[in-house]
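Asker: To start, I am sharing the structure in question, which I have written as structure tokens.
The values are calculated or read from the model by the stated rules, or taken from the named source; none is laboratory data. Here the structure is a predicted model, which is why all the values come from computation and not from measurement. Because the Cβ atoms are built from the backbone with ideal geometry, glycine has one as well, and the counts that use them run over all protein chains shown. For the accessible areas, the whole protein counts, side chains as well, though only heavy atoms, and no ligand, DNA or RNA atoms are used. Shrake-Rupley method; radii C 1.70, N 1.55, O 1.52, S 1.80 Å.
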Amino acid sequence: MQKARQRLAPWRLAALLTLVIGVYVAATVAPAAAGTHTAESACEPTIFDGLNGLESVAASARGDVAREPALNQIVKELPANAKGKGGKSFRTTIPVYFHVVHAGGVGNISDKVIADQMRVLNAAFAGFYGGAATGFAFELEAVTRTDNAEWHFAGPTTSGERAMKQALHQGGWNALNLYATTAGAYLGWAYFPGLPDAQQYLDGIVVDWESMPGASNRYAGRYDLGHTATHEAGHWINLHHVFNGACSNWGDYVDDTPPQRIATSGCPIGQDSCSEPGLDSIHNYMDYSYDACYNQFTPGQVARMQDAWLYYRANG
């Protein structure tokens with residue numbers, strides 16, 4: 001059953017209009033000249049998430065789950081003097097405040113589901129499933145449980161999201177606040193680093209509780225292994241989608257992820273949507289593949305995350 005249609009309400013229609021507006025706004029950002037996909041060409045600020053808003057609408061149209069909304073957060077690239085600061089010796093542990101926001105018994109996930117989600121998050125960032133180890137670890141700092149139907153069903157950029165986060169957010173920029181809700185019509189969303197201090201309460205990720213391992217069979221065989229949280233945590237530390245910018249020369253601002261025109265659905269081995277060298281990164285956590293298809297971050301993504309952490313979040 002199509003998730004975006006299950007709880008269709010007037011405010012959701014407004015959200016869809018916001019997605020369309022986000023696509024238009026993103027189109028106003030001047031692209032670099034077409035060419036190869038290199039991080040060195042990444043000098044323009046980008047807007048998260050106009051392209052992804054378009055992808056969400058497309059996903060709904062083809063009967064898949066709407067993955068993420070358009071938040072239209074302005075995201076600026078790191079200055080040149082902030083790059084290359086990480087490395088093999090990089091290690092950091094991120095405290096996680098895990099907020100279970102349920103509606104009565106709906107969504108009140110068990111401690112075991114929380115522990116299993118934390119294990120998946122740590123394994124993915126450690127390179128356990130494949131790909132590069134990132135140097136990031138996640139430690140459960142606290143669990144809060146709140147019975148509030150409005151917050152549980154709240155969508156992005158709504159008064160419900162703001163009220164929930166103003167009440168529950170803990171820690172500084174170096175702490176990950178994870179909100180387990182229904183995530184509105186989506187699987188989840190995240191804010192990139194760099195929010196103004198006045199909006200620090202928004203910082204964090206929202207994840208559909210039914211995407212967590214063992215929580216539900218709703219997304220069985222698609223999005224039920226816990227990698228929605230992995231994907232959103234990647235955004236939170238400063239990764240774009242691998243299909244960001246499509247076949248443009250700046251793409252996701254990472255050298256070792258080939259240009260990719262489309263968001264992946266499923267696990268289509270051999271997919272190649274751009275003429276430039278390299279197959280699409282269908283196994284990368286920052287695509288839209290099924291959870292079982294995911295198995296990697298690249299070394300270039302690791303370097304980007306480490307630099308962003310040191311610049312934006314390390315000092316709390």
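Asker: Can you run down the residue pairs with Cβ atoms below 6 Å, 6 or more apart or on separate chains, where the first is in the range 92-113 and under 17 Å from G171 (Cα atoms) and the partner is acidic (D, E)?
Answerer: T93/E139; P95/E139; P95/E141; V96/E141; Y97/E141
Asker: Mind checking which residues of the range 92-110 are open to solvent by 30 Å² or more (accessible area, probe 1.4 Å) and not in a strand (DSSP E or B)?
Answerer: G104, G105, N108, S110
Asker: If you take the residues of the range 220-252 that are open to solvent by less than 10 Å² (accessible area, probe 1.4 Å) and of a type in the set (F, W, Y), which of them is farthest from Y312 (Cα to Cα)?
Answerer: Y223
Asker: Any idea which residue in the range 197-219 is farthest from A233 (Cα to Cα), counting only those that are open to solvent by less than 10 Å² (accessible area, probe 1.4 Å) and touching an Asp or Glu at 6+ places or on another chain (Cβ under 8 Å)?
Answerer: Ranking the qualifying residues of the range 197-219, first place goes to Y219.
Asker: May I pose another question? Right, G127: of a type outside the set (S, T, N, Q), at pLDDT 95 or above, closer than 25 Å to Y285 by Cα and touching a Phe, Trp or Tyr at 6+ places or on another chain (Cβ under 8 Å) or not?
Answerer: Taking the combined requirement at face value, the residue satisfies it.
Asker: Which of the residues spanning the range 120-153 are in a strand (DSSP E or B) and of a type outside the set (F, W, Y)?
Answerer: A137, E139, L140, E141, A142, V143, T144, R145, T146, D147
Asker: Which of the numbered conditions does L178 fail, given that it passes all the others? Conditions: (1) part of a strand (DSSP E or B); (2) open to solvent by 40 Å² or more (accessible area, probe 1.4 Å).
Answerer: (2)
Asker: Which residue, of A167, A190, A233, A180, is farther than 23 Å from F125 by Cβ and at pLDDT 95 or above?
Answerer: A167
Asker: If you check L225 against the conditions, is it in contact with a Phe, Trp or Tyr (Cβ under 7 Å, 6 or more places away or on another chain) and on the phi < 0 side of the Ramachandran plot?
Answerer: no
Asker: Same structure again: Among the numbered criteria (1) of a type in the set (V, I, T); (2) in a loop (DSSP other than H, G, I, E, B); (3) out of contact with any His (no Cβ under 9 Å at 6 or more places or on another chain), which single criterion is violated by V113?
Answerer: (2)
Asker: Would you confirm, using the coordinates I've provided, whether P156 is closer than 23 Å to E210 by Cβ and either assigned to a loop (DSSP other than H, G, I, E, B) or in contact with a strand residue (DSSP E or B) (Cβ under 7 Å, 6 or more places away or on another chain) (or both)?
Answerer: yes
Asker: If you check P268, P259, which single one turns out to be outside any helix (DSSP H, G or I), out of contact with any Gly (no Cβ under 8 Å at 6 or more places or on another chain), over 24 Å from D116 (Cα atoms) and of a type outside the set (D, E)?
Answerer: Of the residues listed, the single one that is outside any helix (DSSP H, G or I), out of contact with any Gly (no Cβ under 8 Å at 6 or more places or on another chain), over 24 Å from D116 (Cα atoms) and of a type outside the set (D, E) is P268.
Asker: Quick one: in the range 63-82, of everything that is surrounded by fewer than 16 Cβ atoms within 10 Å (Cβ to Cβ) and assigned to a loop (DSSP other than H, G, I, E, B), which residue is modelled with the highest pLDDT?
Answerer: P79
Asker: Something else now. Taking only the range 261-316 into account, find how many residues are aromatic (F, W, Y) and more than 24 Å from G172 (Cβ to Cβ).
Answerer: The qualifying residues number 5.
Asker: Just checking, how many residues over the range 212-229 are without any contact (Cβ under 8 Å) to a residue 60 or more places away in the chain and part of a helix (DSSP H, G or I)?
Answerer: Residues in the range 212-229 being without any contact (Cβ under 8 Å) to a residue 60 or more places away in the chain and part of a helix (DSSP H, G or I): 0 in total.
Asker: So which of A149, A137, A167, A124 is surrounded by fewer than 18 Cβ atoms within 10 Å (Cβ to Cβ) and within 20 Å of the chain's Cα centre (by Cα)?
Answerer: Being surrounded by fewer than 18 Cβ atoms within 10 Å (Cβ to Cβ) and within 20 Å of the chain's Cα centre (by Cα) holds for just one of A149, A137, A167, A124, which is A137.
Asker: Working only within the range 159-168, note down all residues that are touching a helix residue (DSSP H, G or I) at 6+ places or on another chain (Cβ under 6 Å) and either within 19 Å of D208 (Cβ to Cβ) or of a type in the set (D, E, K, R) (or both).
Answerer: G160, M164, K165
Asker: Now for a different question. Of A292, A314, A308, which residue is crowded, with 24+ Cβ neighbours inside 10 Å, modelled with pLDDT of 95 or more and among the hydrophobic types (A, V, I, L, M, F, W, C)?
Answerer: None of the others qualify; the one that does is A308.
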